[in-house]
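See structure below.
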Amino acid sequence: MTSEARHRPDLKGSTARSRTAADAQSQRKISDQQISWFDKLAQEGLVSKPFNWALFTHADSRFPEIAGLMGALAGSFWALLV
């Protein structure tokens, strides 16, 4: 009996649908194959997670990979200052 069923007597005798691996994969944005590729690269030491300072120091851009928040932060600062 699950903890939810213990606290809700109205659930006694009802059945719950269990999730299968296929259901879990259909709910994700990445596939099992992509996860295995990532795991393999991580084992080889080819994955790093450095802090992205550019997110805070770069201004807005037409190119999303180099866009930052500096314009928004500066605008918010000046709006609060006034």
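The values are calculated or read from the model by the stated rules, or taken from the named source; none is laboratory data. Keep in mind that what you see is a predicted model, and the values were worked out from it rather than measured. Each accessible area value is taken on the protein alone, full model and side chains, heavy atoms only, with ligands, DNA and RNA left out. Shrake-Rupley method; radii C 1.70, N 1.55, O 1.52, S 1.80 Å.
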Exercise. Would you be able to say whether some residue in region 45-63 is open to solvent by 80 Å² or more (accessible area, probe 1.4 Å), assigned to a helix (DSSP H, G or I) and either at pLDDT below 90 or among the charged types (D, E, K, R) (or both)?
Key: no
Quiz item: Could you count how many residues in region 64-82 are open to solvent by 70 Å² or more (accessible area, probe 1.4 Å) and in a helix (DSSP H, G or I)?
Solution: 10
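Please work out if LYS40 is part of a loop (DSSP other than H, G, I, E, B), at pLDDT 85 or above and charged (D, E, K, R).
On the way: part of a loop (DSSP other than H, G, I, E, B): no; at pLDDT 85 or above: yes; charged (D, E, K, R): yes.
Against the criterion (part of a loop (DSSP other than H, G, I, E, B), at pLDDT 85 or above and charged (D, E, K, R)), LYS40 does not qualify.
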